[in-house]
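In what follows, a structure is listed as structure tokens, so that the remarks can point back to it.
The values are calculated or read from the model by the stated rules, or taken from the named source; none is laboratory data. Because the structure is a prediction, the values reported are computed rather than measured. Quick reminder, even Gly has a Cβ in these numbers, built from the backbone with ideal geometry, and neighbours come from all protein chains shown.
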Amino acid sequence: MSTTGGGLSRRRVTQTTQNEDGEGPSSSSTPPAPRSPAPGYESSGLGRAQHAGTAFEGGARVAYDPRDLERDEEAKKMPRLTLLEEILLLGIKDRAGYLSFWNDNISYALRGCIVLELALRRRIAVVKDPARRRLPLPDRLIEVVDERQTGETILDEALKMMRSTDEKMGVGQWVDLLSGETWNVLKVGFQLKQVRERLAKGLVDKGVLRTEKRSFLIFDMATHPVADAQIKQSVVNRVRALLTCRTNALPAAATEPDIDFTHTRAAALVCGAYAASVLDNALDAAHLGFDEREEAAARCDDVLAEFAVWPFGQQAAAAAQTPVSAAAKVPSPRKGGRPRSPPRGRKEMGEEDGPNALHFEVVAAVMEVFSRMDSLL
């Protein structure tokens, strides 16, 4: 021990080892040589570092939820934009960034597209009851058959509402409740508010729109001009391809590849845009002439008429079986012998009793609701 500065300090003692003769300790600063591992130690995997609860090589396995893999597989088959977002995108002016102030139909049509999108994602279906066939399509009861979230805020909110109530209601009643068109004060809470603004913000998050502030005389309003014109143009091109095709087969340009129910979605997009009074915007962007616009509108009527019944195309099948004498009395509004609508949308759905029949019955019910709107009468 030595004293420095009034304090005590301990001397460092050198390492002592025995000499080769084993007679006594000897001082050495050389550390002892490391021990070599036993043969076969590394090959057995014991020498590698073990990481419990991690995904490193050689570590323990990590627990996972198989439902996450199912969501990933489902997301690959879903389009980037929902039907609601595509219809809103058709209605928004490219530079101004807002909808027409005189459009009173888009709010109700967007609520119908919510039900339509949930059916195409296999979340809701018609209640399987043989007695339902006696009721009109909008009055047939629907139920939630898959409670998994879709990843879209508005769709998940509507799905939660349908799941929270024990009372089963029809498609027409659900569209009315989501729109707030009800006199029942106990069901006012089912109304979805600010759907258009929330959809626009969702498109901003996806990089399709951008947010700007625009002054309207005495007040300022947030607008959402188009940021990615290619995405909107692709939607316009699909609408144009469907409404201007002159063959009985649906052209590939009217559909999105590798998407579930792509033909049904093409028909739903056209009918939803027609019900929301934004189809004219798409036809303007497609630069169609007057005669082409008239033919496109007539074809849209035909598509809506065929998809507003269940099974799909039932009216076309009945017209095909009509005697020639009776058919000659009914003038056809189409020119050039154009077919009524592409049948491939019906082919991908299978038969009336197919695995997705109850989901497509909801689609037919929404189409009939669209056909009854005032703008279509």
* Does Ser234 satisfy the criteria of being under 22 Å from Val171 (Cα atoms), among the hydroxyl-bearing types (Ser, Thr, Tyr) and under 23 Å from the mean Cα position of the chain (by Cα)? -> no
* To do: Look at segment 175-217 and say how many of its residues are within 30 Å of Ala365 (Cα to Cα), without any contact (Cβ under 8 Å) to a residue 60 or more places away in the chain and touching a strand residue (DSSP E or B) at 6+ places or on another chain (Cβ under 9 Å).
  => 2
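What are the residues in segment 190-221 that are in a loop (DSSP other than H, G, I, E, B), closer than 13 Å to Gly97 by Cβ and of a type outside the set (Ser, Thr, Tyr), if any?
Val208, Arg210
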* Are there any pairs, at least 6 apart or on different chains, whose C-beta atoms fall under 8 Å, with the first in segment 86-98 and of a type in the set (Ser, Thr, Tyr) and the second surrounded by fewer than 17 Cβ atoms within 10 Å (Cβ to Cβ) and modelled with pLDDT under 95, and if so, which? -> Tyr98/Arg214; Tyr98/Met221
* Report yes if some residue within segment 254-266 is in a helix (DSSP H, G or I) and at pLDDT below 90; otherwise report no. => yes
